[in-house]
Amino acid sequence: MRPAWSIIFFTTISGLGLGLAGWIVLGLLPLMTAQSLLVVGAGTLALIGVGLISSTFHLGHPERAWRALSQWRSSWLSREGVLAVVVMAGLAGWFAAAFYGVAVPVWANVALLVLIYATVYATSMIYASLKTVARWNHPLTPICYLMFAAAGGLLAAVALLLLLGLPVTSALVQAAIVLMLSAWGVKVAWWRVAGMARTVGTIESATGLTGMGAVRPLMPPHTSENYLQHEMGFVVARKHAAKLKMISLALGGVLPVVLLVMAPFSTAALLAAVMAHVAGMFVERWLFFAEAKHAVMLYYGEAQQA
């Protein structure tokens, strides 16, 4: 499918912001001054909000995006939007309470943490629920989204602690390393398993000619490329996909881990690790869309593939 940069930006940046918010709610940024609370709160909400706003840029009428919130009973996209609004409101209240020195109850922290990761899960299910895209329709898809949010969020939290001059323990750095390696381990498994997935259907079933032997179109359905072919028929060469996977893995996983090992208490090194991870995630999300093939392309005579 043709990658939309607005969606790539949204899933990457909002995922990072939600992951960071989860660790903040868990109490990973203690002893912050009032000024630090304002900066961290505004920055975290900005990551989530800017990502959500960017997701509307690919729509024909972005001003009508709010209407999607009404379909939460049947649409994962709507559920994601509703959850994101609730989470941002909850986070704003959480930071306000912390700013004024009000102790947030444990149950409220747990509830907000659940809502944060429910939002990430809803984002992943927008794609994982689509049976028409075999590569996405796999149990590992939501796990990848959740793991990357947690790993990227912890990496950003450690860098933020150093930036604010707050203490960082070796155990926290080790946890960030393990989580980052685990997230990319799941992604490598997803590439291998989901990459072998095949569209449920054939050219024969797409054309309604099952049982009549092999079908080969004599003429294309259209004299020129239409919207479906343009959006759903995007193809990335296997050799390019292999290179891009290595680039995403190197930038998003290997380099951050190396920096965590070599310079765990260096603010500059950890900020560089966060930027490298984000760059790697942009490449990973581009591939997530570029390698996917919608089942509708069977109608246009394409060979069965993911």
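General remarks:
- Of the listed requirements (1) basic (Lys, Arg); (2) more than 26 Å from residue 94 (Cα to Cα); (3) at pLDDT 85 or above, residue 64 misses just one: (3).
- Checking each residue in region 116-139 for being under 13 Å from the mean Cα position of the chain (by Cα) and farther than 22 Å from residue 86 by Cβ picks out only 136.
- Residue within region 164-172 that is modelled with pLDDT under 95, in contact with a Pro (Cβ under 8 Å, 6 or more places away or on another chain), of a type in the set (A, V, I, L, M, F, W, C) and surrounded by fewer than 17 Cβ atoms within 10 Å (Cβ to Cβ) present: yes
- Residue count for region 94-146, restricted to those that are among the aliphatic types (A, V, I, L, M), out of contact with any His (no Cβ under 8 Å at 6 or more places or on another chain), closer than 26 Å to residue 252 by Cα and touching a residue at least 40 places away in the same chain (Cβ under 8 Å): 9.
- Total residues in region 96-114, condition modelled with pLDDT of 95 or more and either assigned to a loop (DSSP other than H, G, I, E, B) or closer than 23 Å to residue 186 by Cβ (or both): 2
- Search result, residues across region 116-145 that are touching a Ser or Thr at 6+ places or on another chain (Cβ under 7 Å) and among the aliphatic types (A, V, I, L, M): 128, 134
This table checks each residue for (1) surrounded by 18 or more Cβ atoms within 10 Å (Cβ to Cβ); (2) more than 21 Å from the chain's Cα centre (by Cα); (3) within 30 Å of residue 19 (Cα to Cα); (4) modelled with pLDDT under 95.
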| position | (1), (2), (3), (4) |
| --- | --- |
| 185 | no, no, yes, no |
| 205 | no, yes, no, yes |
| 234 | no, no, no, yes |
| 249 | yes, no, yes, no |
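- Matching residues in region 261-287 - criterion: being closer than 21 Å to residue 12 by Cα and touching a residue at least 40 places away in the same chain (Cβ under 8 Å): 270, 271, 273, 274, 277, 278, 281, 282, 284, 285, 286, 287
- Filtered by the rule that a residue be among the hydrophobic types (A, V, I, L, M, F, W, C), within 17 Å of residue 149 (Cβ to Cβ) and at pLDDT 85 or above, region 18-49 gives 18, 20, 21, 23, 24, 25, 26, 45, 46, 47, 48.
- Single unsatisfied condition, residue 57 versus (1) within 20 Å of the chain's Cα centre (by Cα); (2) crowded, with 16+ Cβ neighbours inside 10 Å: (2)
- Residue 130 surrounded by 15 or more Cβ atoms within 10 Å (Cβ to Cβ) and not in a helix (DSSP H, G or I): yes
- Test for residue 257: is it within 13 Å of residue 177 (Cβ to Cβ), at pLDDT 95 or above, β-branched (Val, Ile, Thr) and touching a helix residue (DSSP H, G or I) at 6+ places or on another chain (Cβ under 7 Å): yes
- Residue within region 8-30 that is loosely packed, with under 13 Cβ neighbours inside 10 Å and in contact (Cβ under 8 Å) with a residue 12 or more places away in the chain present: yes
- The residue list 239, 245 contains one member that is at pLDDT 90 or above and of a type in the set (Lys, Arg), which is 245.
- Taken together, 83, 52 contain a single residue that is modelled with pLDDT of 85 or more, under 18 Å from the mean Cα position of the chain (by Cα) and either of a type in the set (A, V, I, L, M, F, W, C) or over 21 Å from residue 160 (Cα atoms) (or both), which is 83.
The values are calculated or read from the model by the stated rules, or taken from the named source; none is laboratory data. Just so we're clear, the structure is a prediction, and the values are computed from it rather than from any experiment. So basically every Cβ, Gly included, is an ideal-geometry build from the backbone, and we count neighbours across all protein chains shown.
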